[in-house]
Amino acid sequence: MLNLGTVYAWSFFQKPLCETYGWTNSQVVWTFSLAICFLGLSAAAGGLLLPRVGPRPLALAGALLFGSGYLIAALALRMHSLPLLYVGYGVTGGIGLGLGYVTPVATVSRWFPDRKGLATGTVVMGFGFGALLMSKVIAPFLLAQVSGDMVLAFTVMGVLFLALSLASAAFIRNPSASWLPPHVTARTVPDTDALWVSAGSCIVSRPFALMWLIFFCNITAGIALIGFQSPLFQDVCAKLDPALGKEALSAYGGTLIAASSVFNGIGRFFWGALSDRMGRRRTFSLILGSQIAAFALLMQTSHPWLFATLVCYILLCYGGGFGTMPSFVLDMFGARFMPAVYGAILTAWSAAGIAGPQFVAMMKDRYPGQPGLASFYSFAAAICFLSTGLLLSFLVKERKVTFRED
């Protein structure tokens, strides 16, 4: 998950790719959007395949495709081919992301059925920390060693992620069918599987539709910021101090990616664990509602460090949605249908991965000399999405499976 989460550092490469190859913001960010889009689509397919083939083959396939995506991207940069960059990093890497992401999340929930929020939150925390690994360790070190050669940097990253991800995937397995943690003796209420006759009936149900839309709204607001947090922060810093050079601004942007990735990771653990006590619906309502205030403040501030603080809080809540949703799905639809339903609900990530970054890119390309105006419209759109999600969260009637402990 740590390897896969490096995709969240895409904004580190956004501006250099635009400047080096002469591509627009919209053209470059399609690479990130496609990666997230195919992540969700392949996660849905992986959720259906998981009960049949088991977690290890899917995890290995995901690792292979993810690393290969970087290698194809390196070839694309060498050829100055934007379509091949889309195919490599976006489609191939995105499919690897989806297969690799859904597998450990669905598997860990089987090992810790009484602490679903804590367990899945801890696992997806690794994904959130991936941007920290990329923006402050891997990318700066590699680019310094290869004198900014993006082709060579992407090649080395592809080999590195292939080795690390394949080694990690080889250890993933399911517990036995009768497994319960040592301190748990039995469920005290029936499993929610009894409420559903098939995965299809879950996916066409009203609760699924509401949860999908809530997830989509939360992801859209956050991923729009993730895709452009470095350029947006650089715009704020440059406005405050026009004397700052390109290298200093890039360093500031990388620092924000690293800091916000920590909050993204912690949020997955924190909100996931909190949802075990508060309930999943209430947790989502708090996540969505508090972000509305954060984005409203972002629209007003021109101070870099207040801007950075608000971005970090939004990423805390963004990660919280991913930390809470797996256990929400388990509670609502049961362990039997969890892989298929959770995979299907990750298609909200696909849709949001296109909607959020593309809107911000459109604003930045439309107002190239007015970064403040582009940011204002982007943050206003995020508030609209979050408000819609908050209203929908009040319509969900959650169920909960509890356990008796010795």
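What the table shows:
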item: Dipole of segment 4-405 [Lys/Arg +1, Asp/Glu -1 at C-beta], most positive-end residue of 306, 335, 33; result: 335
item: Spatial separation of Cα centroids for segment 98-173 and segment 373-402, in angstrom; result: 28 Å
item: Separation of the residue 398 and residue 160 label points, Cα + 7 Å toward Cβ, nm; result: 3.8 nm
item: Ranked packing of 294-300, 122-128, most packed first, by mean Cβ within 10 Å; result: 122-128, 294-300
item: Segment 224-367 - charge dipole about Cα centre, Lys and Arg +1 at Cβ, Asp and Glu -1, debye rounded to 20; result: 360 debye
item: Long pairs among 15/116; 136/239; 116/397, criterion Cα-Cα beyond 30 Å; result: 15/116
item: Three principal axis lengths of segment 4-405 [C-alpha, angstrom, descending]; result: 65, 43, 34
item: Over the chain: helical MRE at 222 nm, DSSP H runs n ≥ 4 each giving -39500 (n - 2.57), nearest 500; result: -26000 deg cm²/dmol
item: Nearest-20 debye value, the chain charge dipole, Cβ charges on Lys, Arg, Asp, Glu; result: 740 debye
item: At R0 = 56 Å, FRET efficiency that the Cβ-Cβ distance of residue 144 and residue 204 yields, to 0.05; result: 0.60
item: Integer Hz, Karplus 6.51/-1.76/1.60 couplings in order for segment 150-157, x for Gly and Pro; result: 5, 4, 5, 4, 5, 5, 5, 5
item: Alpha-carbon Rg/Rh ratio, for segment 2-127, with Rh computed the Kirkwood way; result: 1.05
item: Residue 300 versus residue 251: modelled label distance in nm, points set 7 Å from Cα along the beta carbon direction; result: 3.3 nm
item: Between 0 and 90°, nearest 10: helix 347-366 axis offset from the chain longest Cα axis; result: 20 degrees
item: In Hz, Karplus ³J(HN,Hα) per residue of segment 164-173 (6.51, -1.76, 1.60; θ = phi - 60°; x = Gly, Pro); result: 5, 5, 5, 5, 5, 5, 5, 9, 7, 8
item: Alpha-carbon Rg/Rh ratio, for segment 218-374, with Rh computed the Kirkwood way; result: 1.03
item: Residue-count net charge about residue 376 - beta-carbon cut-off 14 Å; Lys, Arg +1, Asp, Glu -1; result: +2
item: Length gained when the stretch residue 239-residue 180 is fully extended (0.36 nm per residue, less Cα-Cα span); result: 15.6 nm
item: Positive-end residue of 324, 205, 259, charge dipole of segment 198-330 with Cβ unit charges; result: 205
item: Order by protection proxy (mean Cβ within 10 Å, highest first), peptides 157-167, 261-271, 94-104; result: 94-104, 261-271, 157-167
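Each reported figure results from applying straightforward, stated rules to the coordinates on display, with no laboratory input. Please read all numbers here as calculations on a predicted model, not as lab measurements. As a convention, Cβ positions derive from the backbone with ideal geometry for all residues, glycine included, and neighbour counts pool all protein chains shown.
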